[in-house]
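Nothing in this text is a laboratory measurement; each read-out follows from the coordinates by a stated rule. Keep in mind that what you see is a predicted model, and the values were worked out from it rather than measured. Don't worry about glycine lacking a Cβ; one is built from the backbone with ideal geometry, like all the others, and counts go over all protein chains shown.
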Amino acid sequence: MNLEDLCMGCMSVKGSADICPTCHWQDGDEEESVLFLPPGTILNHKYLLGKVLGSGGFGVTYLALDLDLKIKLAIKEYLPNGFVTRNGTNQHVSVYSGNQESAYRDGLKKFLEEAMVLAKFSTMPGIVTVRDYFAENNTAYLVMYYLDGITFKEFLERNNEVIPYETGLTILLPALSALSEVHKHNILHRDISPDNIYITKDRQIKLLDFGAARQVLGEQSKSLDVILKRGYAPEEQYRTRGKQGPWTDVYAAGATFYRAIVGVTPPDSLERLAEDSLIAPSKLGITIPFSIERALLKALAVRSSDRYQTMQEFYEALITSSPGNEKSNPQSLPNEKTSTPPTPPASAGCLTLAMGLVGITFCATLIISVFF
């Protein structure tokens, strides 16, 4: 295989073409940041990096190709903002001195420890499979199978930012089920939001970007916006001594559900401590059963002691509150097929949800489809 013939935007063979005929990538389209490794970089003697798939406060994810097995992958690099630098000619990460260096090392250790644990969940449907991890360039890397699909955030954007509660449950419940299992191993996500829930092309739900390093680095960061997503983070995540547990992820999951069916995130949790301005979805004209709304509002309680204490409790409250859905276990998205942008139908329709063991049909005001 001639590596020069590969497209760094999709890893298909483009030959000598300047623009890839498959994805239309052109050399020079890469992200302009000296912190990111350039397309064509080879890691661990076998992973070829392509374009940047995404980046955040704690790392960057690259498209990659396993040169031995010839399979497409995604590789996440531990790269916390404000703690490291890298010049354009050196792959090696330089860490700022002082307290930041100590925090960086602790975060790096957590990153690798978490990768080790997540690798054990390779058979769990709701977790992105970790197939390898290694240290290099004074940092660390987590190797995952590449997912073809869109984030929940993109799904909302393609559906006019608001979806019926039935569709929201179809997407959220598999993620809650996976989180319930992960919590049993004392791992918290700490960053649940529409950005970190992924919908694959075959309509499976996957959780992305677990943040073990986030807790370690949070106290050292100069900006809480790097550590937290306002509207999704509960108040205990803002405090140095705030006690975090499964209830922390419960709040963020509730905020994600609220955002999906209302169209806006809940008010910032710190602001709610002084004066709770959260408005129930039904009071905003959202059609939602009282029992499901009650479960949602309990998950969004400002004080952690007032929330569900485990993700399993929240999951079961939503399941038992769903009409005709007491024993269902959703594992995939509605199986509509279309190739055009979403257009709300003039009349109401029925949305069939593929619910794993049990098929349930809900009546919805809109038929929502996933577009790729």
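Could you list the residues of region 14-30 with an amide nitrogen less than 17 Å from a label point located 7 Å from the Cα of N2 in the Cα-to-C-beta direction?
So the set is 14-21, 27.
Sorting M116, M11 on the 10 Å Cβ count, fewest up front, what's the list? If you can, show how the numbers build up before the last one.
Details: M116 11, M11 24.
Fewest-to-most Cβ neighbours within 10 Å comes out as M116, M11.
Using the Karplus curve 6.51 cos²θ - 1.76 cosθ + 1.60 with θ = phi - 60°, work out ³J(HN,Hα) for each residue of region 140-149 in order, rounded to whole Hz, and write x for Gly and Pro.
9, 9, 10, 9, 10, 5, 6, 9, 9, x
Please state, to two decimals, what the Cα-based radius of gyration of region 3-145 comes to when divided by 2.2 N^0.38 Å (N = residues). All intermediate terms of the calculation are to be shown ahead of the outcome.
Numbers: Rg = 15.7 Å, N = 143, 2.2 N^0.38 = 14.5 Å.
Taking the Cα Rg and dividing by 2.2 N^0.38 Å, one obtains 1.09.
Give, as a single signed number, the net charge of other residues whose beta carbon lies under 13 Å from the beta carbon of E181, with Lys and Arg counted +1 and Asp and Glu -1.
Summing Lys and Arg as +1 and Asp and Glu as -1 gives +1.
Please sort 75-82, 42-49, 140-147, 18-25 by packing, taking for each peptide the average over its residues of neighbouring beta carbons within 10 angstrom, highest first. Intermediate values should be presented prior to the final figure.
Working: 75-82: 23.1, 42-49: 16.9, 140-147: 20.6, 18-25: 14.8.
Highest to lowest by the protection proxy: 75-82, 140-147, 42-49, 18-25.
Given H placed 1.01 Å from N in the peptide plane, which residues other than close sequence neighbours of R131 have an amide H under 5 Å from its amide H?
Amide H neighbours of R131, under 5 Å, 5+ apart: V143, M144, Y145.
At what distance in nm do the modelled label points of I71 and D306 sit from each other, each positioned 7 Å from its Cα along Cα→Cβ?
About 4.8 nm separates the two model spin labels.
For region 149-327, what is the per residue volume of the convex hull drawn over the alpha-carbon atoms, in cubic angstrom?
Working: hull volume 21.1 nm³, N = 179.
Taking the convex hull of the Cα positions in region 149-327, it is 118 Å³ per residue.
Which whole-Hz couplings ³J(HN,Hα) result when phi for each residue of region 255-262 is put into the Karplus expression 6.51 cos²θ - 1.76 cosθ + 1.60, θ = phi - 60°, listed in order with x for Gly and Pro?
After applying 6.51 cos²θ - 1.76 cosθ + 1.60, I find 5, 5, 4, 4, 4, 5, 9, 9 Hz.
Provide the net charge surrounding G254, with neighbours chosen by a C-beta distance below 9 Å and charges set as Lys +1, Arg +1, Asp -1, Glu -1.
+2
What are the ³J(HN,Hα) values, in whole Hz, obtained from phi via the Karplus relation 6.51 cos²θ - 1.76 cosθ + 1.60 with θ = phi - 60°, for each residue of region 286-303 in sequence order, with x given for Gly and Pro?
Running phi through 6.51 cos²θ - 1.76 cosθ + 1.60 with θ = phi - 60° gives 7, 7, 7, x, 4, 5, 6, 5, 4, 5, 4, 5, 5, 5, 9, 4, 5, 7 Hz.
Name the residues whose placed amide hydrogens come within less than 5 Å of the amide hydrogen of V60, ignoring near sequence neighbours (fewer than 5 apart) on the same chain.
E77, L79
Return the lysines within reach of K229: Cα separation strictly under 21 angstrom, same-chain partners fewer than 8 residues apart disregarded; answer none if there are no such residues.
Result set, ordered by chain and number: K76, K110, K153, K206, K243, K298.
Using DSSP to define loop residues, name the trypsin sites (Lys or Arg not before Pro) in region 129-183 whose beta-carbon has at most 16 other beta-carbon atoms within 10 Å.
Numbers: sites: R131, K153, R158; in loops: none.
Passing sites in region 129-183 do not exist.
Can you compute the FRET efficiency between D148 and H24 using 1/(1 + (r/R0)^6), with r the Cβ-Cβ distance and R0 = 25 Å? Round to the nearest 0.05. Don't skip to the answer; put the middle values down first.
Working: r = 17 Å, r/R0 = 0.66.
Efficiency for this residue pair is about 0.90.
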